[in-house]
Structure formats: C-alpha cells, structure tokens
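Engineer: One structure is given below, represented as structure tokens, and several questions about it will come after.
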Amino acid sequence: MSTVLITGATDGLGLALATRLAGEGATVIAHARSEERGREALAELLDGPGDVRLVVGDLASLRDVRALADQAPDRLDVLVNNAGIGFAGGREQSSDGYELRFAVNYLAGFLLTSLLRDRLAACAPARIVNVASAGQAPIDFDDVMLEDGYDGVRAYCQSKLAQIMHAFDLADELSDAGVTATALHPATYMPTKMVTRAGITPASTVEQGLEATWRLVADPALEGFTGAYFNGTSEARADAQAYDVDARRRLRELSERLVEV
Ligand SMILES: NC(=O)c1ccc[n+]([C@@H]2O[C@H](COP(=O)([O-])OP(=O)(O)OC[C@H]3O[C@@H](n4cnc5c(N)ncnc54)[C@H](OP(=O)(O)O)[C@@H]3O)[C@@H](O)[C@H]2O)c1
C-alpha cells in the first residue's frame with residue numbers, strides 16, 4: 001500500500017483526505033504547521049488503527065520546509081501539496097520576506113517537491129498532486145511579490161496558477177522517471193476555514209473536493225496520467241499562462257533563486 005505525504009492535513013480537504021487514505025490502509029504522512037497543532041487536530045487519526053505519522057513545519061518558512069523534507073520517509077509514493085491560505089486579510093510576508101500567499105501556497109510546495117523528487121522517483125510509479133484552484137491570475141513578472149496595489153484575491157489566484165505551472169513543468173521533467181504530476185481545482189467553495197473566513201457562503205461539500213482529489217492521488221485508473229489540470233473530476237483548461245513555456249521557465253528560474261535563502 002502507498003505512502004502518501006499530505007501538506008495541510010490538519011483541516012478541511014487535507015484532513016478529509018488523510019482520514020480516507022488511512023482508512024484504506026495507506027501510510028499517511030500528515031503534515032501540520034506545528035507539533036501542537038498536529039497533535040490537537042490529528043489526535044483521533046494518530047491514535048486510530050491506521051498508519052498515520054505526524055511531520056511538522058511552518059510553510060511560511062523555507063528553513064522549516066527543508067526540515068519538513070528531512071522528516072519525510074525514504075519511501076514515498078505520493079506527495080500532495082494541499083496546504084494553503086485563502087484571500088482574506090491584507091498583504092503579509094513570509095519569514096523569508098516573500099508575499100505570504102505566493103510563499104505558502106506555491107513556493108513551499110516548489111521547494112518541498114524538489115527536495116522529495118528523488119525519493120518519489122525511487123518509488124516509481126509515483127505521483128505529485130498540486131491542489132490548486134479554478135481561481136487563477138497570470139503572474140506579473142515585474143511585481144511577483146505584489147508590492148504595488150495589493151489585492152488578496154489576486155495574490156491567492158496568482159499562487160494557484162503558479163502551482164498549476166509547476167505541475168506542468170514537473171510532468172515534463174519527471175516523465176522518464178515514472179513520476180506523474182497533476183493539478184486540480186477540488187470543488188468550488190467547500191465549507192472550510194479559508195472559505196468561511198472570507199465570508200463566502202459554501203457552494204459544495206468537502207466530500208466533492210475529496211472525491212476529485214482522491215482520484216488523482218490513488219485511483220488506479222489514472223496511473224501514468226500526467227501533465228493535466230482538473231476542475232473537479234473533469235480535465236479542464238487552465239489559464240493561458242500555464243501553457244506558455246517561456247512564462248513557466250521564468251517562474252521556475254525565479255523560484256529556484258527565491259528558495260536559495
Ligand atoms: N475550500 C475551497 O473551496 C477550495 C477551493 C479551491 C481550492 N482549494 C484549495 O484546497 C486546499 C485546501 O484548502 P481547504 O479549503 O481545505 O482549507 P483549510 O481548511 O483552511 O486548510 C488549509 C490547511 O493548510 C494549512 N496551512 C495553512 N498555512 C500553513 C502554514 N503556513 N504552514 C503549514 N500549514 C499551513 C492549514 O493548517 P492549520 O489547520 O494549522 O491552519 C490547514 O491544514 C488549498 O490549497 C486551497 O487553496 C480550496
């Protein structure tokens with residue numbers, strides 16, 4: 001049975017996915033921002049019959065992301081970059097001085113994936129799933145950190161498109177290694193913390209998002225399926241910038257520089 005690392009496993013979609021996979025017999029490497037948060041949110045799973053192990057790190061700190069990768073096991077079949085923050089609130093910065101949504105929603109996953117890719121390749125066939133969103137905004141390479149006229153929705157949407165661009169790049173880079181990479185919009189306005197905090201009325205259930213995400217993580221029918229973006233359970237077209245190889249190269253080169261802190 002698979003070993004699956006899920007970031008942001010303490011709430012919402014990540015917690016639901018961890019619960020389902022543990023119930024199905026997977027080894028779940030459940031990530032929390034801190035030991036305290038993990039023990040509180042995951043008590044039932046950690047004490048339950050499934051094989052669930054806690055790993056910790058604040059994704060707003062690239063040093064923590066490196067420490068998180070060190071806690072991951074040598075054997076890893078699936079990485080789910082799920083953790084994220086929504087669009088409520090003003091402009092904030094990560095510990096490394098980067099715009100917070102870009103840092104947590106995208107850059108942390110970029111670094112974590114690059115630190116774990118050899119472990120995934122060693123377990124091929126393996127999968128990387130980026131939990132993105134239908135809310136996407138093109139990256140303005142002249143103001144990636146959104147210093148000029150900050151808007152939380154745009155910050156969130158930019159970070160989500162960056163995750164999709166990252167998944168497309170990974171699919172190209174890792175195809176010969178037997179590692180697939182996909183991205184998805186799980187469901188629209190599930191009743192989770194990030195939605196309720198923004199004052200939005202939920203429009204779907206966590207179960208819908210769970211079903212869409214579970215398929216990409218574990219459905220044998222999708223074995224070998226790579227380089228695609230899904231809206232729920234349907235393959236869909238992402239923002240045009242995701243298909244622009246020059247924009248993807250710029251984002252990749254920028255990200256490589258930004259994580260060298
Ligand atoms: N909800 C929706 O309708 C919707 C729609 C489209 C896409 N999505 C995407 O689905 C994913 C899951 O979202 P959700 O709705 O389940 O949200 P959620 O309930 O707010 O859960 C977010 C998770 O990310 C973790 N997290 C946030 N910041 C972190 C940090 N700095 N360090 C470590 N962990 C951090 C949270 O930890 P804590 O529990 O400690 O806060 C939590 O476990 C996100 O990527 C989101 O963008 C959601």
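The values are calculated or read from the model by the stated rules, or taken from the named source; none is laboratory data. These figures come from a predicted structure and were not determined experimentally. Cβ placement follows ideal geometry from the backbone for every residue including glycine, while neighbour counts extend to all protein chains displayed. These accessible areas exclude ligands, DNA and RNA; they are computed on the full protein's heavy atoms, side chains included. Shrake-Rupley method; radii C 1.70, N 1.55, O 1.52, S 1.80 Å.
Engineer: For the range 153-230, what does the equivalent ellipsoid look like in terms of its semi-axes, each the square root of 5 times an eigenvalue of the Cα gyration tensor, given largest first in whole Å? List each step's numbers first, then the result.
Structural biologist: Working: eigenvalues 143, 55, 9 Å².
Result for the range 153-230: semi-axes of 27, 17, 7 Å.
Engineer: What accessible area per residue, rounded to a whole number of Å², is obtained for the chain using a probe radius of 1.4 Å?
Structural biologist: Numbers: 11040 Å² over 261 residues.
Solvent-accessible surface per residue comes out at 42 Å².
Engineer: Turning to a different aspect of this structure: Considering only 152, 208, 229, whose Cα is most displaced toward the positive end of the charge dipole of the chain, charges sitting on Cβ of Lys, Arg (+1) and Asp, Glu (-1)?
Structural biologist: 208
Engineer: May I ask you to compute the full-extension gain from residue 93 to residue 70, defined as 0.36 nm times their residue separation minus their alpha-carbon distance, rounded to one decimal in nm?
Structural biologist: On the way: separation 23, 0.36 × 23 = 8.28 nm, distance 2.45 nm.
Net length gain for the segment: 5.8 nm.
Engineer: Provide the percentage of antiparallel DSSP beta bridges, counting only those with both residues in the range 3-259; round to the nearest 5.
Structural biologist: 15
Engineer: May I ask you to compute the full-extension gain from residue 253 to residue 222, defined as 0.36 nm times their residue separation minus their alpha-carbon distance, rounded to one decimal in nm? The partial results should precede the final answer.
Structural biologist: Details: separation 31, 0.36 × 31 = 11.16 nm, distance 3.00 nm.
Roughly 8.2 nm would be gained on extension.
Engineer: Okay, moving on. Spelling out what I want: for every residue of the range 28-43, take phi, set θ = phi - 60°, compute 6.51 cos²θ - 1.76 cosθ + 1.60 (Karplus), and round to whole Hz; glycine and proline get x.
Structural biologist: The phi angles translate into 9, 9, 9, 8, 10, 5, 8, 4, 4, 5, x, 5, 6, 6, 10, 3 Hz.
Engineer: For the chain, what is the mean residue ellipticity at 222 nm derived from helices alone (per DSSP H run of n ≥ 4: -39500 (n - 2.57); sum divided by total residues; nearest 500 deg cm²/dmol)? Intermediate results must be reported in sequence, preceding the final value.
Structural biologist: Values: 9 runs with 104 residues, N = 261.
Helix contribution divided over all residues of the chain: -12000 deg cm²/dmol.
Engineer: Whose amide H sits under 5 Å from the amide H of residue 230, counting only residues 5 or more places off or on another chain, with H placed in the peptide plane?
Structural biologist: Those lying under 5 Å, H to H, from residue 230 are 183, 184, 185, 236.
Engineer: With every atom except the alpha carbons ignored, what do you get for Rg and Dmax of the chain, in angstroms?
Structural biologist: 16.7, 51
Engineer: Pull out the extension gain between residue 196 and residue 24, defined as 0.36 nm times the separation in residues minus the alpha carbon to alpha carbon distance; nm, one decimal. Mind showing how you got there, number by number?
Structural biologist: Working: separation 172, 0.36 × 172 = 61.92 nm, distance 2.96 nm.
In short, 59.0 nm is gained.
Engineer: Please check which bits of the range 210-254 a label hung off residue 124 would reach, taking the label as a point 7 Å along Cα-to-C-beta and the cut-off as backbone N under 14 Å.
Structural biologist: Within reach of a label on residue 124, which here means backbone N under 14 Å from a point 7 Å along Cα→Cβ, the range 210-254 contributes 224-226.
Engineer: At what distance in nm do the modelled label points of residue 244 and residue 145 sit from each other, each positioned 7 Å from its Cα along Cα→Cβ?
Structural biologist: 2.2
Engineer: Sticking with this one: Each residue of the range 242-257 in order: what ³J(HN,Hα) in whole Hz does its phi give by Karplus 6.51 cos²θ - 1.76 cosθ + 1.60, θ = phi - 60°, with x for Gly and Pro?
Structural biologist: Computed from phi, the couplings for the range 242-257 are 5, 9, 8, 5, 5, 5, 5, 5, 4, 5, 5, 5, 4, 5, 4, 5 Hz.
Engineer: When the accessible area of the chain is computed with all protein chains present and a 1.4 Å probe, what percentage of it is carbon and sulfur? Write down the numbers at each step before the final one.
Structural biologist: On the way: 5160 of 11040 Å².
Result for the chain: 47 percent of the exposed heavy-atom area is carbon or sulfur.
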